[in-house]
1. Picking from E117, E121, which residue would you name as being out of contact with any helix residue (DSSP H, G or I) (no Cβ under 9 Å at 6 or more places or on another chain) and within 17 Å of K91 (Cβ to Cβ)?
2. Starting from segment 54-82, keep only residues that are touching a residue at least 12 places away in the same chain (Cβ under 8 Å) and assigned to a strand (DSSP E or B), then list their pairs with residues that are open to solvent by less than 10 Å² (accessible area, probe 1.4 Å) and among the aliphatic types (A, V, I, L, M) whose Cβ atoms are within a distance under 7 Å, requiring at least 6 positions of separation or different chains.
3. Check E156 against each of (1) acidic (D, E); (2) within 15 Å of the chain's Cα centre (by Cα); (3) modelled with pLDDT under 90 and name the one condition it does not meet.
4. For segment 31-40, indicate whether the set of residues that are under 21 Å from R174 (Cα atoms), crowded, with 17+ Cβ neighbours inside 10 Å and in contact with a helix residue (DSSP H, G or I) (Cβ under 8 Å, 6 or more places away or on another chain) is non-empty.
5. Looking at segment 96-121, I want the residues that are in contact (Cβ under 8 Å) with a residue 12 or more places away in the chain and have a partner that is open to solvent by 50 Å² or more (accessible area, probe 1.4 Å) and assigned to a helix (DSSP H, G or I) with Cβ atoms under 7 Å, at least 6 apart or on another chain. Which pairs are those?
6. Determine, yes or no, whether E220 is surrounded by fewer than 19 Cβ atoms within 10 Å (Cβ to Cβ) and at pLDDT 80 or above.
7. Provide a single number: the residues in segment 66-102 that are of a type outside the set (A, V, I, L, M, F, W, C), in contact with a Phe, Trp or Tyr (Cβ under 7 Å, 6 or more places away or on another chain) and more than 24 Å from N132 (Cβ to Cβ).
8. Mind checking which residues of segment 35-53 are outside any helix (DSSP H, G or I) and of a type outside the set (A, V, I, L, M)?
Amino acid sequence: MESPLFENSLNLSYTQFLIFEITNQCTLAKAHAKICPIGLPGRYGKLDTSRPLTDDLILECARIAYLELGFRGLVGWHYYCEPMIEWERIKKLAGRIKKEIPKAEFILWTNGTIMPENISELSLFSQIYLTNYFKKNWKFLKQELPNTQVKILSGEMDERSLGRKKFSRNRCLRPFNEMIVDYYGNGHICCIDFRGQHKLGNIWTDGFRKVANNFLETQELLSQQPIGSLSPNKDLPEICLYCATGRMYNTGRLVEPIADDAENYVESKYPLGIKRKMTLGTGYFIGKVELFIKKRISSLCRFFS
């Protein structure tokens, strides 16, 4: 039986989202092949893919997170899938979680390709992030859901599936955004480590408490000092030392009260200075600028070669 106590004083109170990947499918997987990790061969690397998550296991983990480990954020269903494929399942599962944990709240992150006939059903989500790949007008969604925070995001794709060799010099607060459990129960430190190079464990075999503790230890380590000062293969895997995207060093600030507390906690405990508190929109803008500069440099190199 798992111990109900953490091995240290860390808890999930500074983590904004707890993500359970509800399916391993996406409606745009073919369209985004070789760009989005969901369509990549060997997406799960050497991780255990023997058992998908069940509703009972997700409910147990949510119960532990909220009632034992101090979690106060939102439960989500995305990671790299399109969660609305499992809309009927989500409705039932969210109802079960809410019945046992009245304070639980939910987030939907979707590409908008599947919508319920009755839009008002989406009011079960406190937040909805819709990535607008097809440049549609979604104003009606905000009108239909006045009590839900709805944000429409750009459909610009980044290069996270390609990786890069740019040495990271910031400390990373990205794990304060979300704790991720993939479709097969594997924990991930962030969305960039989709192959699970940094081993956190699997909730089927190790239990949620152990995986959460491993995640929180990594969260703490990344917030202490610039990544470049950490030791490769000793403290962190190469995927962190050479992060695939240079703009994900902040908390994301998607649940602002929790993000404020996380940033204050980090700065009070490890006072290096948090120079920028970027919103998600700012991060996407910076990413687009980075991508534009890369393309221009590449074009100039080809011209002069």
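The values are calculated or read from the model by the stated rules, or taken from the named source; none is laboratory data. What you see is a predicted model, and the numbers here were worked out from it, not measured in a lab. In this analysis, Cβ positions are derived from the backbone assuming ideal geometry, glycine residues included, and neighbour counts consider all displayed protein chains. In case anyone asks, the SASA skips ligands and DNA or RNA and just uses the protein heavy atoms, side chains included. Shrake-Rupley method; radii C 1.70, N 1.55, O 1.52, S 1.80 Å.
1. Exactly one residue qualifies, and that residue is E117.
2. These pairs meet every condition: L74/I107; V75/L18; V75/A62; V75/I97; V75/A104; G76/I19; G76/I107.
3. Answer for E156: the failing condition is (2).
4. No, there is no match, as no residue in segment 31-40 is under 21 Å from R174 (Cα atoms), crowded, with 17+ Cβ neighbours inside 10 Å and in contact with a helix residue (DSSP H, G or I) (Cβ under 8 Å, 6 or more places away or on another chain).
5. As it stands, the answer is E100/R63; I101/R63; I101/L67; A104/K98; F106/L124; I114/I85; I119/E144; S120/E144, since those pairs meet every condition given.
6. Considered against the rule, which asks whether it is surrounded by fewer than 19 Cβ atoms within 10 Å (Cβ to Cβ) and at pLDDT 80 or above, E220 comes out as yes.
7. Adding up the residues that qualify gives 1.
8. Once the filter is applied, which keeps residues that are outside any helix (DSSP H, G or I) and of a type outside the set (A, V, I, L, M), segment 35-53 yields C36, P41, G42, R43, Y44, G45, K46, D48, T49, S50, R51, P52.
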